[in-house]
Every structure is written in C-alpha cells, then in structure tokens.
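What follows is a single structure, written as structure tokens, with notes after it.
What follows is calculated from the coordinates using simple rules that are stated; it is not laboratory data. Not measured: the values here are computed from a predicted model. Please note: Cβ atoms are built from the backbone with ideal geometry, for glycine as well, and neighbour counts cover all protein chains shown.
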C-alpha cells in the first residue's frame, strides 16, 4: 500500500484574476514559494512533493497522519494569500492511490469553489496492505554532453517535456507515476513494477525518442528512504561501477 | 528585436552528487528558491523568467543591461551554494534569440565544466532592430470544469505536459517560444506572429488534443508590459465580454 | 529539565569579507532566509527558534533528538553557502541550559574557526529531571495607541530595544531567558518562575521604563505547546475578559 | 537631503490574533520572509531596509520614486496574507527624515486601522537640498574572540542589545540613526556627522560598555553605494592596514 496526497490551491484561478493584469511574475514567485515550503515540511516527515502543475501538486505521504497534513495546511494558510486543500488516498498501485486522493478532494467541491477551503479529504478505508514505497530515479544518458552543451536551450527543454509526456503515459499504463524533477531527471513512484517493466519502458522510450535512460530503483517505508536507495543505485551507474542501466536495490525490500 | 537570457546553474549535476543520497527534497527546495529569487529580481527590471528545466531557465530581458544581469548573478552567488552563469542573445525572432543566448554560453564552457563559473556571456552585436516584446497568455477552455474536477490529478497533468510538448513544437516552427507556466496556463514569447498564426496553431491543437485554447496577445517594450496587455485581452475572453478566442491588443503596438 | 540549542553560522564573519564590499543587502536576505528556514524545520518538531543575533540563534528543542538536529543541519548545508553548527544543552533552568549548549559548541572550536563545520555538539549527561517547557508571551500595554501611532518609528524602536535589554537582564537574574520577537512582543523561556517573579519584574520594568506589561504564561512538553497555552492567557487579557495582567495557565502544568 | 521610508504591516497585531494560539512559529517565518523580500526589492533600486521591529521597518530609499515604492508594495500584497503601507520622508538629517516619514503614515491612519491598507503616504515638499547618503558600518573589536567564544550565547546577545540601545540614543542625539544588523554589526545612517562626532560616541560607548568600536564611513548617492564605501574603510581596519579605528572614505564625498 502507498499513500498519496493531492495538494490543490483553493479557488486559485479566479483569485489570480483579482490581482490586476501585471501579476504574472508575482504568481510565479508565489507558486514556487509554496512548493518549496511544502517540500520542506513534507520532507521532515519523510514525504516528497512533486511540483506537477504548481496549482495541483502530488506528494508521496506514507506514514503521515491526517493531523500532520493539517499542521502543514494551516501553516500555509497563515503565510500565504491563498489556502490549500488536500485529498489523501491509499492503494496497492500508485496510480490508484492518486485516483482515490483526487476523488476524495473532488467530492469536497470544485477546485474553483468559493466555499471549499482548507479541507483535508480522505476515505476512512482501513489499509490492509503492507505500507511501502518503491521509487525510481531516472535520467537520460549523456544529456548534458549531447544536448545541453550542443542544442539550443529551448530544444533541450522540448526534448525533456516530450520525454516527460511519453514516460508519463508508459508508467501510467503499468499503474505507476512519473514526474519530471528538473534538469534531465525523472522520479517514478512505481510500487509493483519489476526490472523487466523498466526494461520494456526504456526500450520503448529509446525507440520513440532515440535517447537512452538509466535508473536506480529503491524501496523503503517512506518516500525519502526509497529515493535514497534509488540514488545509491543510480550513482553506481553514473560512476560506471556497473554495466547495468537499471539497478534495483533489493537490500531494503520489505 | 527581442533579448533573451539563458540562466544555467554552474556544474549543477556533479555538485548534486556530492550531497549524499538523501538529497532530493533539498534539491527541489533549492531549485524552486533560486527560480523564485531570479523571478523577483528580473521582474523589478520588467523582465520575466521561465522555470523551464530549473537548472536551465530562460528569461525575456529586453532593456536589461549586462551590468543589471551581473548584479543578479552576484546576488545569487552570495546566497546559494551553487552559482549561475548567463548567456544573452538578441534577434528578430524569439527562437533565434535563445539560440544566440545558448551559443554564447556554450562557447564559454560546458554546463558541467568545473571552471566555468559566474559568467555573463554575450555577443557585442549592435542591435539595429527596434526593441519590443510580443507575448501571448494562453489557457485551455474549461479545464477546471472538464478535467481538474473530473479526471485524476495525474491524468490532468499528463494532458498539460502533452499539450506543452505539442505547443512547444508548433510555436517553435514559427520562430516563437512556448512555456508552461503552471495550472493550465501557457505563455508564448511570439514576436512576429500574427492572429492567423495563432488561429492555425489553435486549430491544429484542437485536432490533435481535442481541447480548445484561448489567448490574449500583447506588445510592449519589455516582458511585463507585453504580458499585462496580453492579460487584458485574456480577461475579456474569460469574462465573456467577447466572442473572440484570440484577442490581439494592438493598442500598444510599437 | 529544558533543552536548548545554540545554532551558530560557521566562520560567518570571515566568509562575509570574501563577498566584496557591496554585500550587505545579500547578507541581510541570507540571514533572514536561514532563520525562517530553521524556524520552519524546528516548528515541525514543536521547537521554537529565536533570531537572537542572526549569526547565533537560540532554540527551545525539548523532545528533539540529535538525529533530528542533524537532519536540519544537513538541509541548511545543502541549500546555503554557509553551514551551521549546533550545541545542545539541558538543565533545570533555561539560563543554565543555554550555558551548557554554548559550552558544548565552544569546546568544539571557535565561531570563526576554519575547520569547525557542521558540528552537533552535546553532552551525554543523562537528564534525570522531568522534561517540560514554561513560556511567557509578553507585550506592552497600548503600545500601538501610545507609541507607534504617536512617536517616530525610530523612537518606538528605541523604546523596544531598551525594553529588551532591561528585560533580558531581569529575566536572566531569575535563571530565565527573554527574547524580542518583533512588534512589541517578547517571549520568555521561564521554567521555574512563578507569578510573583513576573509581578516583581513587571513592577520594576514599570518603574524604570514607565510602560506596563502584560503576559500569558503556559506550560507544555515542548515549546509550541507551552507557547500556545501562553497565548490563550494573553488573549484573555487583550480581549479584556480578565482584570489580571498576568495569566498563568496551570491547566496543563506538568 | 536623505529619503527614508517607513514600511508598516497593516493592522498586523489584530490579524495575528485571528490565527489561533499555535501561531508564533508561522508569524516568525512570515516576518522574516517579508523582510528578506523587501530587502531584495529595495536592493535592486540601491536602497537598504532595516528589520527594525519587523512589523515596522525603516529603509533608506534615496533615488526611489513613489512608483517604485508602489511596485514593491503591490508585489508584497499579492504574495502575503498581510499588506504593507509606506510613509516616505526627506530631510537634511536622517532623524528628521524618519520623523516626516512616520508622520506622513500616521496621518493616513493607525497602524491598527481596519481601513488603512496598501497606502504610500508622502509629502509633496520639493527637496531643495542635494541628495546623498552617509552610512557607517560599525562593529565591536574582538567580539568573537572575547565574547562569542567565551561567554554564554545569551550573555553575548545581551551585550549586543544593550549596546544597540545605548548607540541608538547617542546617534539620535546627533540627528543620525543606528540599526543593529546581526552579529556584532551596526549600521548608522549618519548624514551630517563628522569624524569627531564618531570619536565622541565611541569614547562614550567605551566608558559605559567597556568595549571598543571601529567603523568605516562612506558617502554615496544611494544607500548601497554609501555602504560599499563604508565597507572598504572597515575592511582596512579589520585587515590591520591602518591604525585608525574610524575610516572616513572621503573619496566619494559629494
């Protein structure tokens, strides 16, 4: 079982319209500040937040209680001109967990409701499965050498966003989630996927995008433990201490 | 003529590897903090920064001098554990301007060079053309109602990233740039495009993605002036004060 | 028993000299950012940080383990150009606890040592006493009405800094600590003080400064619980629901 | 002539009461964030903000227009749950300038008014004098060696706050302003003071506090230029390249 949290800015679109037309730079600062802030607070509980669309963020929140979510929610409400609401979902697959998290929040009202505000929505389902997180840290081979240092900045970015869209679909097809994390880095929340799933995705990616991926995969009770294990694997590949391109760190498998 | 600035974190990838395996949340906070900070500083000079890939950001910097770039660069270097370098380019088309900005920086060394550090790279070309910025603020019709409030958060995000990749290509084909700005919002830096270019892109987008776009387009001496004009147009459409889906605010056309 | 943590920027003075002469605004931003960041991280563990001198901060850290301190220390080291070290001390009186925290850190090297870096220094004393925190939230009666709205901004500030110095000494004489927290607000960490201690201090303060104080005093297992209780008391006085000027909230006394 | 700006959080005290009793850590973060943010924005216009009491900040704003103040004010209003108002004053002496800045703001309403919000208050006086800023950067000799590394953290802080109060009064008596800037550093805005004024203050300080001060003093068209010159002088003393303890950098004297 994995627990995911959807974090949504309350009634954000209509609120931005109230700020006048010369607002965009302030909105960009605000969005980045809120994301950084949430990341800091979730990280102390060993969770991990993905910036996603900035007005809708997804977090792996295994082990975090409703109360811990509420503390974070209130801290944001006190320090920003917009409030946030959260939906929490748990399931065997990461994809299903985010579906449940989304439904919980949607059932509480629209993202542009004027009345839904500072809600933590969740099901009271007893989670019978064993809680764990499986995470992969993925990057593109030689991207700096072959792309960043050669192509235009926009072209490099285009390749990354295209890759993100392609990978998001491929991972979703297997019940996993894929997030772009900056640079040429992707993080997949991938409970239940095995090495051959990754090999299949990486092969299909190479065929369609003509670039090669590598990945470290880790397991843990929470997001940051799992990602740390994943990073250990990826470092082995980056440092050429292995010929594998997918290192599955089973040491901590639960 | 439009001036674009590429902002690149110096030797960022190798540096992150030095931080140990449990680093990801700190990197995410750092990246968002640096972006917010740059946005704040560029905005005071009426520039606009796009987060892009976070380790490589692009900014519209019309009217900003080399010295103003250096002040920002030094302020970052003093307050963060990583430094930034910048490349500046000017051209008639936004696409060409970012090509020149990228080349200027690439000529100074690799993004993963251990020696290139805190550089402002630029050509001394005299810019003979008239300086101006054309910007479009674009969003997807009814996205909250039809997608955010109905589909799973991941599916909504997938549609946005797919749309971004599709639009990035379409705008680049016309010499313009397209950036995802959070939510269902896109900003295009689009000097030289006319209304029919937008109609063509929006039609092709509708065909391939089955979603409809709307846009306000503005002109100005700098990024924020142009974007403010664009927002005026978009507000007219959002408030249903017009039946058009593309409002080109020619009032301030230079 | 109360646990206090001294947080010190490593070799900060000499480092600032390396930044060139036009550095002050960046240093002020950096100092405020680090403080805000530490506050956020300590708060999630129910601790409370006082900005103090900014390069030397004091925190009430009851219940926080060495490992939790180290997580915070590493997060700062990864995101700022300066690192921090910490000294932790526990004692019956807050004053003695900060003496022990300071000594632990001083024994590890000078504040301007080039080699002491990212240290968590602490004694291994078994703490036999019962852990609790007593905190008072204090403000000056009618300060906005009589001072902020009438006197010059500088004169108002002078009265606050003078008051702070006077109160710091009075509380220290009783083994307690007093911090200025912005506005006309003071927070005292005051394990062991009773209501008559406060009455005595407030009377002496009135005599020397010709201003009247009021306070809520609370108890708790950690800083934020104790301060919340203190705020409950202070609100009663501010809302004129009591004639007392010192409310000692014994409900939660341990 | 020097221009000073008083920045006041609107109706801050009553607002904080609405946040519930467990609010203090969030308020501390908020206050530090707003200060850092203002510093960043003023610095780009070569101004300098002093944190002062956090809910009331003072800035040297020479050369900054009303419009530039308004841009900053609006950016804060869009990104924080509290708004700010500003009063601007100009005079030959810094002390008089802050008196005028305060009066302008006080005339617009109380700091705790529910209706005064996002105001920029100023007189329309024509400033006939020549605009310049004189700033001194002051520190205490050997403070790290003799105090920080030897005394308890609280005792060190007590000495700094006592020194601040003493110096604030001494400088005010000469029409200048003195601010504590962290560590053992003070910044004085001191238009009109000459070297003998500093010698007199430093002698009186040594007599009353038994600690010795040193200072670099600089002049400039704006705060940061003047402070940079002051830092040049202080560096000479710190590096023992002079036997003087007060370096008045006349090179840039206007």
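Things worth noting here:
- Rounded tilt (10° steps) of A:153-172 against the dominant C-alpha axis of chain A: 90 degrees
- For chain A, a Kirkwood radius taken over Cα pairs fed into Stokes-Einstein (25 °C, viscosity 0.890 mPa s) yields D = 129 µm²/s.
- Peptide-level mean, for D:40-49, of C-beta atoms on other protein chains within 10 Å: 5
- Nm distances between copies for residue C:243, ranked from closest, using label points 7 Å along Cα→Cβ: 6.9, 7.5, 9.1
- Inverting the pair-averaged 1/r between distinct Cα atoms of segment D:104-248 gives 16.9 Å as its Kirkwood hydrodynamic radius.
- Here segment B:2-122 is treated as an ellipsoid with the same Cα gyration tensor; its semi-axes, largest first and in whole Å, are 23, 16, 12.
- Here the chain C residue lying nearest the rotation axis onto B, judged by its C-beta and given with the distance in whole angstrom, is C:81, 3.
- Residues C:22, A:55, D:239, arranged from fewest to most other Cβ atoms within 10 angstrom of their Cβ, appear as D:239, C:22, A:55.
- Seen against the Cα atoms of chain A and their longest principal axis, helix A:94-106 is set at about 10 degrees.
- Relative contact order for segment D:78-202, counting Cα pairs under 8 Å that sit 6 or more residues apart, in percent: 27 percent
- Crossing angle, helix A:195-209 versus chain A [Cα axis fit, 0-90 degrees, rounded to tens]: 90 degrees
- Neighbouring Cβ atoms from other chains, within 10 Å of the Cβ of residues in A:142-151, number 4 on average.
- Neighbouring Cβ atoms from other chains, within 10 Å of the Cβ of residues in C:64-75, number 2 on average.
- Separation of alpha-carbon centers, segment A:225-241 and segment B:185-254, rounded to whole Å: 45 Å
- For segment C:2-30 and segment B:21-40, distance of Cα centres in Å: 20 Å
- For segment D:71-154, the calculated P(r) over all alpha carbon pairs, in 10 Å bins from 0 to the bin holding the longest distance, is 14, 28, 22, 21, 14, 0 percent.
- When shorter helices are ignored and each DSSP H run of at least 4 residues is given -39500 (n - 2.57), the per-residue value for the protein assembly as shown at 222 nm works out to -13500 deg cm²/dmol.
- For segment C:145-224, the Rg and Dmax computed from alpha carbons only, in angstrom: 13.3, 41
- Distances in nm from residue B:200 to the matching label points in the other copies, shortest first (labels 7 Å along Cα to Cβ): 4.1, 7.8, 8.7
- Shape metrics for segment A:68-118, restricted to C-alpha atoms - Rg then Dmax, Å: 12.3, 36
- Sorted largest first, extent of segment A:35-87 alpha carbons per principal axis (Å): 29, 23, 19
- Highest-MSF residue in chain D out of D:199, D:17, D:70 [GNM, Cα springs under 10 Å]: D:17
- Cβ-Cβ FRET estimate between residue B:131 and residue D:66, R0 fixed at 22 Å, reported to 0.05: 0.25
- Cubic angstrom per residue, convex hull over Cα atoms of the protein assembly as shown: 171 Å³
- GNM result for chain D, Cα springs below 10 Å: residue of D:30, D:145, D:58 fluctuating most strongly: D:145
- Counting only DSSP beta bridges whose two residues both lie in chain B, roughly 85 percent are antiparallel.
- Förster radius 51 Å - calculated FRET efficiency between residue C:123 and residue D:200, Cβ distance, rounded to 0.05: 0.65
- Look at where the Cα atoms of segment B:155-169 and of segment C:55-74 average out, and the two centres are 43 Å apart.
- Inter-copy label distances at residue C:112, using a point 7 Å along Cα-to-Cβ, come to 4.1, 4.4, 6.0 nm with the shortest given first.
- Cβ-to-Cβ counts within 10 Å put A:12, D:158 in ascending order as D:158, A:12, the fewest first.
- Over segment D:41-189, the ratio between the Cα radius of gyration and 2.2 N^0.38 Å evaluates to 1.18.
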